[in-house]
Amino acid sequence: MTELEKLEAGLPFSVRDPEVDKRKLTAVRGCQKLNNIDIMDNDSKEKAIRELFGSAGENPVVLPNFVCDYGKNIHVGDYFLANYNVTILDIAEFRAGNNVWIGPNTLITTINHPLNPQGRREHLGIAKPINIGNDVWIGGNVTILPGVTIGNNVVIAAGAVVTKDVPDNSLVGGVPAKIIRELENDIPDNA
């Protein structure tokens, strides 16, 4: 298997592989283009988001200093907001539903590295997808780790580190994030 095939299969892969690196360089250019567009030029910003992301619903908003690893693995629903300085390391897929707001300085990473020094010396990575439901608010300075699924109607408190799945209708916070309490869902099932 090529390193790119290993990456796509969720197996350990070399982060230094030229094909893997090519994806990152393309994303760097796309992020640079997006971040350099006048903040008031909504049409150009939306066009750049759609060029960078794999897919986006209605009215995606990405504020300056956005960074990603690939872009094409980012799929967001309607009314997505990435506030200032958001980083999405989308080596694997990142999916977000409708009405997902991401606070400033948040890191969402689908990539991890070995705990053993030999694996790190070999520059290995392993990617696991992240999925976020609808109506989710992620506070500032949050970190979401690889393989996490976040349900619908979830609020993640500022500064939390999300290491495990979060069920629907939950407020979570802390390091590592834990459920603080259940949230009411006042949206009808068919809305």
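The values are calculated or read from the model by the stated rules, or taken from the named source; none is laboratory data. Nothing here was measured: the structure is a model prediction, and the numbers come from that model. Glycine gets a Cβ as well: all are built from the backbone with ideal geometry, and neighbour counts include every protein chain shown. Surface areas here come from the heavy atoms of the whole protein model, side chains and all, with no ligands, DNA or RNA. Shrake-Rupley method; radii C 1.70, N 1.55, O 1.52, S 1.80 Å.
Yes or no, residue by residue, for (1) closer than 30 Å to GLU8 by Cα; (2) open to solvent by 70 Å² or more (accessible area, probe 1.4 Å):
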{"site": "ALA157", "(1), (2)": "no, no"}
{"site": "PRO167", "(1), (2)": "yes, no"}
{"site": "ILE179", "(1), (2)": "no, yes"}
{"site": "GLU184", "(1), (2)": "no, yes"}
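Per-residue answers, yes or no, for (1) of a type in the set (A, V, I, L, M); (2) in contact with a Pro (Cβ under 9 Å, 6 or more places away or on another chain):
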{"residue": "VAL67", "(1), (2)": "yes, no"}
{"residue": "LEU81", "(1), (2)": "yes, yes"}
{"residue": "ASN98", "(1), (2)": "no, no"}
{"residue": "ALA127", "(1), (2)": "yes, yes"}
{"residue": "GLY147", "(1), (2)": "no, yes"}
Query raised in the report: Of the residues SER55, SER14, which is open to solvent by 20 Å² or more (accessible area, probe 1.4 Å), in contact (Cβ under 8 Å) with a residue 12 or more places away in the chain and within 18 Å of the chain's Cα centre (by Cα)?
Result: SER55
Requested in this report: Only residues that are open to solvent by less than 70 Å² (accessible area, probe 1.4 Å), more than 16 Å from VAL15 (Cβ to Cβ) and not in a strand (DSSP E or B): list them for the range 94-138, please.
Outcome: GLY97, ASN98, ASN99, GLY103, PRO104, THR106, PRO129, GLY133, ASN134, ASP135
**Report entry** Pair list, Cβ under 6 Å, 6 or more apart: the range 75-87 residue more than 15 Å from ILE108 (Cα to Cα), other residue of a type in the set (Gly, Ala, Ser) and buried (at least 18 other Cβ atoms within 10 Å of the Cβ)
**Finding:** GLY77/GLY97
